[in-house]
Structures are given as structure tokens and as C-alpha cells.
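S.K.: Below are the C-alpha cells for one structure; questions will follow.
The values are calculated or read from the model by the stated rules, or taken from the named source; none is laboratory data. Source: prediction; values computed, not measured. Cβ: placed from backbone, ideal geometry, glycine included. Neighbour counts: every protein chain shown.
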Amino acid sequence: MKIKRGKKQRKSGAHNRGNVDAASQKDALYHQEKFVKKIQKQKFLENKEKELARQPHCLVIHRGDVGKYVKGLESDLRNLMEPNTAKNLKILKRNNIKDFIVNGAVLGVTNMMVLTSSDASLQLRMMRFSQGPTLTFKVKQYSLARHVVNCQKRPVATDKLFKASPLVVMNGFGDGEKKHLALVQTFMQNMFPSINVDTIQLANIKRCLVVSYNDETDEVEFRHYAIRVVASGLNKSVKKLMQAEKTMGKNIPNLSTYKDISDYFLKWVIHKLREIPI
């Protein structure tokens with residue numbers, strides 16, 4: 001009886017050692033995968049920081065005594081330059097432009113926009129660190145974003161608008177005889193990050209900046225739009241189904257009155273044919 005008991009003890013001990021080895025292997029694999037994921041995450045963050053450092057950054061400030069509307073324009077320009085700007089930058093009276101240039105260069109700032117107001121006019125200066133050039137514009141008229149939103153029936157208001165830089169569209173700067181227009185075009189394009197057509201996702205583009213030059217009046221017009229990607233060439237039936245997919249099935253059209261799905265799609269075609277005069 002003693003010999004049999006000893007054999008049983010040896011068998012159970014070997015079985016326990018096998019379970020311990022399997023558990024230790026699983027723990028080693030788990031820690032190894034965790035370590036690999038940690039390294040990948042660090043490399044991703046490092047590459048993201050390097051890419052962010054290469055992108056242009058801009059400060060928007062005002063100098064002198066300005067009214068509340070000019071400060072509102074300053075806030076709108078900061079929203080335009082999002083996310084590569086200091087949105088909550090506080091300006092003290094003792095600060096001068098040299099302070100922003102010196103400290104901004106250390107922080108990786110490449111551009112600065114300065115608003116100055118006088119009894120005669122409102123001026124906007126765009127500077128490039130550290131050796132220029134500097135563009136000076138006389139602001140003839142402007143509209144604040146909150147005034148435009150108040151006039152809209154369905155204003156677009158979401159935090160996702162300012163998570164990515166806007167798409168820049170230049171119009172009317174193709175005159176080769178006027179070299180200063182080429183300078184303005186290059187300056188404007190370099191104020192925003194470049195877009196890679198092969199890797200860009202259309203869903204991430206939420207805003208568009210249209211800069212137009214009027215040759216007759218010799219004026220430059222800035223327009224800031226909120227945009228979205230919409231499928232084109234679809235009838236109302238298909239659009240309703242696509243909208244129901246985006247809203248997680250909350251607005252699914254009622255298909256119980258149709259014998260076949262084709263009847264639902266052909267309904268709008270028949271309706272259009274009836275409107276065409278013969």
C-alpha cells in the first residue's frame with residue numbers, strides 16, 4: 001500500500017509541474033505581447049510628435065486698444081488656424097511683438113497674425129518666422145462667425161470641426177505677371193499643413209478655407225466653410241437608406257407596404273417620369 005501511494009504522489013506531482021509550466025508560458029507570452037504593444041505605442045507617439053513638430057504653427061494676437069468686434073475677429077482667426085495654434089493665449093499690455101517672436105521660435109511657431117486698429121482702418125499683418133516675409137492687409141469689411149451662425153437655419157456646431165486643419169483652396173492667383181500674387185499664394189499655402197492625397201481620409205476634412213483674389217478691385221477675400229462628404233448621383237430612396245445606416249437604424253424607411261425592394265427604389269423614378277410633360 002505504501003508503494004502504490006508513493007506512485008500516486010509522483011504522478012500527481014508531475015501533473016502539477018505540467019500545469020505550472022503551461023501557466024508560466026502563458027504568462028511569458030502575455031508579458032511579451034504587452035511589452036511589444038508598449039514599444040509600438042511609444043514609436044507611434046514619437047512619430048506623431050515628430051510629424052506635429054514639422055507642421056506649421058501660428059499665433060494670432062492683437063496690438064493696441066481694439067474693440068470687442070476686433071477681439072471677436074481674433075477669436076475667429078484662432079479657430080481658423082486650429083489645431084496648430086494657441087487658442088487660449090493671453091496677451092498682456094507689457095508684451096511686445098519681439099516677445100512672441102523669441103518665445104514662439106523656441107516653441108516651434110512658424111507664423112504670426114497681428115491685428116492692429118486705428119481711427120483710419122483695421123490692419124492685418126501676417127509674419128513668417130524668422131526672416132520673413134511679412135504681408136500687410138487693410139481689412140475693409142468682415143463678418144464674425146457668430147453673426148453668420150445666427151443667420152443660418154441649420155448651423156453646424158460640433159467639436160470635431162477643429163480637430164484637423166482646413167482644406168485650403170486658392171482662387172485667382174494664377175497671373176504670372178504679378179509676382180507679389182505668387183508670393184501671397186505660397187505664403188498662404190505654407191501656413192497650413194500639406195495634404196497627402198494618397199493617405200488623406202475624406203471623413204477627416206471638416207473645414208475649407210477659400211482665398212480668392214479679385215483682379216478688378218485688387219482685393220483678397222477669405223471665406224471659412226464647414227463641409228462634409230456627401231454621396232452624389234443618388235435618388236431619395238438610396239439616400240434614406242444611407243442616412244439610416246449612419247444613425248444606427250433609427251430612421252429606417254417603412255418597407256412593409258412594398259412587395260419587393262425594387263418597388264421602393266422605382267417609386268421615385270415613376271414619380272419623376274410623371275412630372276415630365278409629353
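S.K.: Just need a number here: residues in the stretch 169-198 that are within 23 Å of TYR225 (Cβ to Cβ) and either assigned to a loop (DSSP other than H, G, I, E, B) or in the same structural domain as ARG128 (by TED's automatic domain parsing) (or both).
M.R.: Final tally of qualifying residues: 10.
S.K.: In the list PRO166, PRO193, PRO83, which residue meets the criterion of being in contact with a Pro (Cβ under 7 Å, 6 or more places away or on another chain) and modelled with pLDDT of 85 or more?
M.R.: PRO193
S.K.: Could you tell me whether GLN185 is farther than 21 Å from ALA86 by Cα, among the polar types (S, T, N, Q) and exposed (fewer than 10 other Cβ atoms within 10 Å of the Cβ)?
M.R.: It is false that GLN185 is farther than 21 Å from ALA86 by Cα, among the polar types (S, T, N, Q) and exposed (fewer than 10 other Cβ atoms within 10 Å of the Cβ).
S.K.: Name the residue, out of SER75, SER121, SER117, that is surrounded by 14 or more Cβ atoms within 10 Å (Cβ to Cβ) and more than 29 Å from the chain's Cα centre (by Cα).
M.R.: Only one candidate qualifies: SER117.
S.K.: Confirm whether LEU135 is surrounded by 11 or more Cβ atoms within 10 Å (Cβ to Cβ) and touching a His at 6+ places or on another chain (Cβ under 7 Å).
M.R.: The answer is no for LEU135.
S.K.: Specify which of the listed residues (VAL197, VAL168) is hydrophobic (A, V, I, L, M, F, W, C) and closer than 25 Å to SER130 by Cβ.
M.R.: VAL168
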